[in-house]
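Peer 1: Once you've had a glance at the structure underneath, I'll fire off some questions.
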Amino acid sequence: MRERITYVQKLGDSLEPSAVRVDDDVIQGPEVHAVREDRLTIALDELPSELRTVVAGTQDLHIRWVSTAAYGTVSPLLTRLPPGFHLFFTPGRNHAVTDGLCSILSGIFGDISCTTPAESFTAVHEDRFQYFQELNDLSHFIQYAKGQLCGPSDESCSARLDTLSEAGSLDLSYDISQKVLRVTALWPYQRQHVHATSRPKVRTEVGILSTDKPKTLEAHEIGISGLLTVLGQDSTPSPTMFSFASRHRDAESAFSAEFLTPTGLHPTLQLQLTSANPPPSTADEDATCTPYAYLTLPRTIFADKYQLSDPLFLASKNLTALRHTTQPVDLEAPEYAMAQWGSTVLLELSPPPPTQPHQQQEGEWTASIPLHLRYLAPAPGGYATAAVPYPAVFWACEPAQGGTVFPPNPFERTHLGYDGLFRGDTVFWHVEPRPAAGGGLLVNEVRVPVLDVDRAGWVNAGTAAAVLVGFAWVVWKIVGVWAGGVNGGGAEEREKKRQ
Amino acid sequence: MARPTAKPGKASPSSSATPPTPSLLASFFHRSAPLYVSAALLRVVFLLYGLWQDANSPVKYTDIDYLVFTDAARFVARGQSPYERETYRYTPILAWLLLPTTQTTGNPMVDAALFSSGKVLFAAADLVAGWLLERVLAKSMDGASARKFAAIWLLNPMVATISTRGSSEGLLGVLVMALLSAVMSRRITLAGLLLGFSVHFKIYPFIYAPAIVWWMDADRMSKTQPSKQPAKQPSLLSKLLAFVTPARLQLAVTSLATFLALNFAMYTLYGPPFLNHTYLHHITRIDHRHNFSPYNTQLYLASSPSAGLGQVDTTAPTLRIESIAFLPQLLLACVLIPLATAKRDLPAAMLAQTFAFVAFNKVCTSQYFLWYMVLLPLYLPRSSFLRNKRLGTAALALWVLAQGAWLQQGYLLEFLGESAFLPGLWVASLGFFLVNCWVLGVIIGDVGEWSRSGVVV
């Protein structure tokens with residue numbers, strides 16, 4: 001088991017080595033304004049048995065939880081995903097384990113509502129699968145982790161795991177080629193004291209880093225400098241500086257998402273972006289940069305790919321094209337008749353054209369995404385709620401010619417759902433999600449009208465009565481026709497004769 | 001998805017029957033050309049307007065169903081199955097008919113025309129259905145009057161809109177009119193072919209089989225030979241034997257053979273997806289999005305997981321109405337109405353059957369109204385709705401108002417997101433159902449009255 005604790009500050013914020021005190025297995029420093037990332041690397045044989053069974057049954061497995069609370073982050077820890085519980089995996093040969101995946105996940109994360117991968121997951125490629133659902137907190141995972149990692153009276157261990165309730169994201173990542181599970185938690189960009197303690201038999205490396213821009217840095221690269229310390233080994237932090245090509249960059253703009261009212265059964269999610277400008281600096285002048293929105297839509301709501309195929313219609317919403325959607329997406333079934341978790345959608349957005357070629361255009365713009373609600377199960381009061389997470393919004397820049405191949409870097413995150421939908425040399429410039437006015441969360445809720453079960457008591461009897469009355473009346477008239485064939489003239493006919 | 005839209009008042013008999021300038025109107029119907037030229041022009045104008053709207057507005061004139069058909073045709077053109085297109089729930093023949101829409105030349109004008117060829121086909125089917133209507137009507141009235149009543153269909157903007165938006169219901173209109181026309185001119189083989197084909201195409205025309213079979217008794221089919229009446233009271237067996245006439249057998253064999261041959265061919269070509277999407281879907285469908293059917297709310301309630309919860313009284317072993325919904329529907333449409341009315345007046349019987357089938361169906365959208373609208377001109381001339389203007393106006397007003405009330409509730413639900421299911425939509429759909437039943441009762445009463453007063457087609 002290995003641990004890596006990293007504080008990442010912004011450009012210009014750096015710490016002198018003298019400001020940090022290392023005492024054997026403890027490191028302490030001043031208050032810094034930084035993102036903290038903790039990564040635990042666990043060998044396969046150190047894993048709890050149920051986790052080992054799960055990962056051993058897969059080629060690769062990536063669980064990514066993202067908080068619904070907005071959080072700031074810094075380069076290079078910029079990747080964004082819609083808030084909620086994401087899972088991407090490639091099953092191994094052992095399908096029996098795969099079938100039990102959902103119940104094991106429930107044991108770890110709590111309320112995971114998938115049944116089996118075959119029923120609930122969607123295929124990304126032939127053999128890759130995806131799952132997503134709303135998961136508002138990690139409380140169940142924290143309890144699980146305490147049981148696995150902390151001794152019965154290990155207060156500091158418990159306290160440390162409790163801080164996960166404030167984390168912005170948590171990743172559990174396994175790849176068969178490395179035979180280790182990487183658990184990575186990220187805490188928002190905020191003021192915090194530098195403090196870490198190593199645990200026995202766990203190699204712990206602490207980095208206090210900041211973004212740097214040395215003169216030799218190339219446009220496609222990110223520079224990092226700071227102090228590295230291996231606890232229990234180093235008595236002083238050693239300065240370090242390195243640079244690497246990164247796929248994930250900061251677009252230095254923001255967006256918010258809100259449903260237009262009234263939402264009805266066909267709500268429109270409106271994205272409001274603060275800037276229509278392509279990313280500030282790209283390595284390749286000829287690269288084409290286009291904004292995208294990647295949505296993970298729970299099965300309560302969906303996008304109709306056929307509706308999103310007409311150029312005029314798309315243009316009226318400031319959309320260019322639907323680049324990808326889960327296949328198939330049932331366009332008719334009610335929510336309660338479906339087991340599939342939902343669907344993903346990748347939409348190319350259409351920013352307003354710059355007024356002059358070189359003039360920097362400021363100002364907000366919007367793009368509207370037409371969606372459709374499914375029928376939800378009847379509920380007391382006549383309304384239910386569908387929660388729709390914020391999409392991930394980014395500019396994707398593809399070089400004109402084959403560009404950089406990105407070697408793995410210490411902060412790399414792959415298998416995000418959307419990265420696989422682009423060329424390998426694409427650079428993602430992430431737009432920061434901001435809560436819309438009023439709410440503090442990166443989730444929009446829609447009030448969905450449903451059948452009110454409190455009033456449904458008469459439906460069966462009332463429908464039966466109406467059908468019976470209608471049927472009886474028609475049969476009565478039919479009897480009249482038969483009878484009239486013998487008698488001639490009923491009441492109605494006499495009435496007609498009078499007129 | 002049900003997309004009921006407001007098209008009130010298009011069934012109005014008075015819209016074409018009340019002449020503002022009698023002499024001009026009389027001369028309009030005096031010859032065929034003016035009627036058919038204006039019916040064609042109406043559709044050309046709608047078609048061109050649709051092309052313009054589609055090219056210039058994000059809100060499309062073309063029906064979503066047309067995009068389904070043409071997508072399916074594109075799959076067929078590539079040698080694939082039309083069922084590759086989600087929600088394609090029709091016979092492959094429809095996709096084949098629309099193959100010209102998949103052609104591209106590179107010239108945008110020509111391509112637009114090619115893409116619209118399916119709509120042209122549907123609109124042409126409207127005109128042929130109108131012409132068949134006129135032929136059937138002309139058996140009991142003069143040509144000008146026949147054209148006047150055929151105009152209810154031919155010049156009906158609702159009918160022209162539906163076909164030029166690319167809905168295939170117009171094809172059913174021509175098939176049913178051709179079937180009726182063939183039966184009435186006693187061309188049994190043709191009738192059998194048409195019946196088998198229509199049922200393959202859209203299932204519901206099977207309801208016409210019992211009416212036609214009941215209608216074509218030995219007396220009617222062989223007017224030259226007086227039928228032999230046994231002196232004694234006929235035994236049940238001899239009655240049964242007398243029922244099985246050569247004509248009936250011929251119709252049964254040709255229609256069944258056509259139906260089976262078509263289905264066998266399609267199954268051979270496209271396998272289980274053909275059966276699943278064309279037929280089985282209608283049995284297993286679980287989409288209960290709001291529509292005009294009286295069963296709609298009940299189906300939504302019954303399909304959901306909370307159906308067994310305590311809120312709804314399930315203490316007694318109650319019989320769920322939706323599980324026997326087919327009984328009143330089929331009893332009326334296939335047994336009682338044909339038995340009571342087919343021999344008295346076949347076109348009116350078919351109208352009543354269709355009306356009953358649509359009103360009592362588990363799913364009902366405004367497109368289904370077209371199924372009976374094509375038969376309406378055959379009934380209206382002698383109907384009490386036309387004879388008694390107050391009755392006619394009341395029926396039309398009620399039909400429109402009941403639909404309007406439903407549409408208003410539907411608007412609250414669909415666009416404003418209000419929970420209008422209960423009681424609004426439910427009561428509105430039951431109200432519309434009862435209005436339909438009342439109109440149906442009047443139609444059936446009329447048929448009885450005609451037979452008593454000796455009005456025969």
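Peer 1: Please specify each residue of segment A:318-329 satisfying the condition of being surrounded by fewer than 19 Cβ atoms within 10 Å (Cβ to Cβ), more than 8 Å from chain B (Cβ to nearest Cβ) and in a loop (DSSP other than H, G, I, E, B).
Peer 2: A:GLN327
Peer 1: Only one of (1) away from chain B (no Cβ under 14 Å); (2) open to solvent by 30 Å² or more (accessible area, probe 1.4 Å); (3) free of Cβ contacts under 8 Å to residues at least 40 places away in the same chain fails for A:GLU412. Which number is that?
Peer 2: Among (1) away from chain B (no Cβ under 14 Å); (2) open to solvent by 30 Å² or more (accessible area, probe 1.4 Å); (3) free of Cβ contacts under 8 Å to residues at least 40 places away in the same chain, the lone unmet condition for A:GLU412 is (3).
Residue-by-condition table, conditions (1) buried (at least 21 other Cβ atoms within 10 Å of the Cβ); (2) closer than 18 Å to B:LEU121 by Cβ; (3) out of contact with any helix residue (DSSP H, G or I) (no Cβ under 7 Å at 6 or more places or on another chain):
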position	(1), (2), (3)
B:VAL37	no, no, yes
B:LEU41	no, yes, yes
B:TYR49	no, no, yes
B:GLN53	no, no, yes
B:PRO58	no, no, no
B:ASP71	yes, yes, yes
B:ARG74	no, yes, no
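Peer 1: Taking A:ILE108 as the residue in question, decide whether it is in a helix (DSSP H, G or I) and either among the polar types (S, T, N, Q) or open to solvent by less than 20 Å² (accessible area, probe 1.4 Å) (or both).
Peer 2: Spelling it out, A:ILE108 is indeed in a helix (DSSP H, G or I) and either among the polar types (S, T, N, Q) or open to solvent by less than 20 Å² (accessible area, probe 1.4 Å) (or both).
Peer 1: Another question, then. Residue under question is B:LEU412, and the condition is that it be within 13 Å of chain A (Cβ to nearest Cβ) and over 27 Å from B:ARG220 (Cβ atoms); does it hold?
Peer 2: yes
Peer 1: Here is a follow-up. Looking only at segment A:114-134, how many residues end up being open to solvent by 70 Å² or more (accessible area, probe 1.4 Å) and small (Gly, Ala, Ser)?
Peer 2: The number of residues fulfilling the criteria is 1.
Peer 1: Just checking, does segment B:423-441 include any residue being closer than 18 Å to B:PHE369 by Cβ, crowded, with 24+ Cβ neighbours inside 10 Å and β-branched (Val, Ile, Thr)?
Peer 2: no
Peer 1: So, one more: Looking at (1) assigned to a helix (DSSP H, G or I); (2) open to solvent by less than 10 Å² (accessible area, probe 1.4 Å); (3) away from chain A (no Cβ under 12 Å), find the lone condition where B:CYS364 falls short.
Peer 2: Only one criterion is unmet by B:CYS364, namely (1).
Peer 1: Next up: Among the listed residues A:GLY226, A:GLY168, which satisfies the condition of being on the phi > 0 side of the Ramachandran plot and modelled with pLDDT of 90 or more?
Peer 2: A:GLY226
Peer 1: So B:ARG382 fits all but one of (1) more than 10 Å from chain A (Cβ to nearest Cβ); (2) under 17 Å from A:ALA466 (Cβ atoms); what number is the exception?
Peer 2: Failing condition for B:ARG382: (2).
Peer 1: When segment A:243-270 is examined, which residues are found to be open to solvent by less than 10 Å² (accessible area, probe 1.4 Å) and either part of a loop (DSSP other than H, G, I, E, B) or in contact with a helix residue (DSSP H, G or I) (Cβ under 8 Å, 6 or more places away or on another chain) (or both)?
Peer 2: Correct list: A:SER246, A:GLY264, A:LEU265, A:PRO267.
Peer 1: Here is a follow-up. For segment B:144-261, which fully contained helices (runs of 4 or more DSSP H) count at least 1 residues that are open to solvent by 30 Å² or more (accessible area, probe 1.4 Å)?
Peer 2: So the answer is B:157-164, B:188-202, B:208-215, B:218-221, B:236-243.
Peer 1: When the residues of segment B:447-457 are filtered to those that are at the interface with chain A (Cβ under 9 Å from one of its Cβ atoms) and in contact (Cβ under 8 Å) with a residue 40 or more places away in the chain, which remaining residue is surrounded by the fewest Cβ atoms within 10 Å (Cβ to Cβ)?
Peer 2: Step by step, filter segment B:447-457, then rank; the result is B:SER451.
Peer 1: Next question, about the same structure. Among the numbered criteria (1) in contact with a Phe, Trp or Tyr (Cβ under 8 Å, 6 or more places away or on another chain); (2) crowded, with 24+ Cβ neighbours inside 10 Å; (3) under 18 Å from B:SER140 (Cβ atoms), which one does B:LEU380 miss?
Peer 2: (2)
Peer 1: Does B:GLY392 satisfy being surrounded by fewer than 21 Cβ atoms within 10 Å (Cβ to Cβ) and of a type in the set (Gly, Ala, Ser)?
Peer 2: yes
So that you can scan it fast, the table gives a plain yes or no per residue for (1) open to solvent by less than 50 Å² (accessible area, probe 1.4 Å); (2) in contact with a Ser or Thr (Cβ under 9 Å, 6 or more places away or on another chain); (3) in contact (Cβ under 8 Å) with a residue 12 or more places away in the chain:
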site: A:LYS179; (1), (2), (3): no, no, yes
site: A:ARG182; (1), (2), (3): no, yes, yes
site: A:PRO200; (1), (2), (3): no, no, no
site: A:LEU209; (1), (2), (3): yes, yes, yes
site: A:GLU221; (1), (2), (3): yes, yes, yes
site: A:ILE224; (1), (2), (3): yes, yes, yes
site: A:LEU231; (1), (2), (3): yes, yes, yes
site: A:ASP234; (1), (2), (3): yes, no, yes
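Peer 1: Something else about it: Confirm whether B:TRP426 is out of contact with any Lys or Arg (no Cβ under 7 Å at 6 or more places or on another chain), in a helix (DSSP H, G or I) and within 13 Å of chain A (Cβ to nearest Cβ).
Peer 2: yes
Peer 1: Of all the strands (runs of 3 or more DSSP E) wholly in segment A:380-435, which have at least 1 residues that are within 27 Å of A:THR6 (Cα to Cα)?
Peer 2: Hits in segment A:380-435: A:392-398, A:427-433.
Peer 1: Go through A:GLU166, A:GLU205, A:GLU155 for me and flag whichever is over 29 Å from A:MET241 (Cα atoms), surrounded by 14 or more Cβ atoms within 10 Å (Cβ to Cβ) and out of contact with any Gly (no Cβ under 8 Å at 6 or more places or on another chain).
Peer 2: Unique residue meeting the criteria: A:GLU166.
Peer 1: All but one of (1) in a helix (DSSP H, G or I); (2) in contact with a helix residue (DSSP H, G or I) (Cβ under 8 Å, 6 or more places away or on another chain); (3) not charged (D, E, K, R) hold for B:ALA394; which doesn't?
Peer 2: Failing condition for B:ALA394: (2).
Peer 1: Report yes if some residue within segment A:443-460 is surrounded by fewer than 21 Cβ atoms within 10 Å (Cβ to Cβ), without any contact (Cβ under 8 Å) to a residue 60 or more places away in the chain, within 30 Å of B:ALA359 (Cα to Cα) and within 14 Å of another protein chain (Cβ to nearest Cβ); otherwise report no.
Peer 2: Within segment A:443-460, one or more residues are surrounded by fewer than 21 Cβ atoms within 10 Å (Cβ to Cβ), without any contact (Cβ under 8 Å) to a residue 60 or more places away in the chain, within 30 Å of B:ALA359 (Cα to Cα) and within 14 Å of another protein chain (Cβ to nearest Cβ).
Peer 1: Do we have any residue at all in segment B:399-410 that's outside any helix (DSSP H, G or I), among the polar types (S, T, N, Q) and in contact (Cβ under 8 Å) with a residue 40 or more places away in the chain?
Peer 2: no
Peer 1: Okay, next question. So B:VAL400 clears everything in (1) more than 7 Å from every other protein chain (Cβ to nearest Cβ); (2) modelled with pLDDT under 90; (3) farther than 22 Å from B:ILE337 by Cα except one condition, right? Which one?
Peer 2: Here B:VAL400 clears every test but (2).
Peer 1: Please find, among B:ALA55, B:ALA72, B:ALA95, the residue that is within 14 Å of another protein chain (Cβ to nearest Cβ), assigned to a helix (DSSP H, G or I) and within 17 Å of B:LEU269 (Cα to Cα).
Peer 2: Within the list B:ALA55, B:ALA72, B:ALA95, the selection yields B:ALA72.
The values are calculated or read from the model by the stated rules, or taken from the named source; none is laboratory data. It should be emphasised that the depicted structure is a prediction, and the values quoted were computed from it without experimental measurement. Counting neighbours? That spans all protein chains shown, and the Cβs are built from the backbone with ideal geometry, glycine included. Quick note on the areas: whole protein, heavy atoms, side chains included, nothing else; ligands and nucleic acids left out. Shrake-Rupley method; radii C 1.70, N 1.55, O 1.52, S 1.80 Å.
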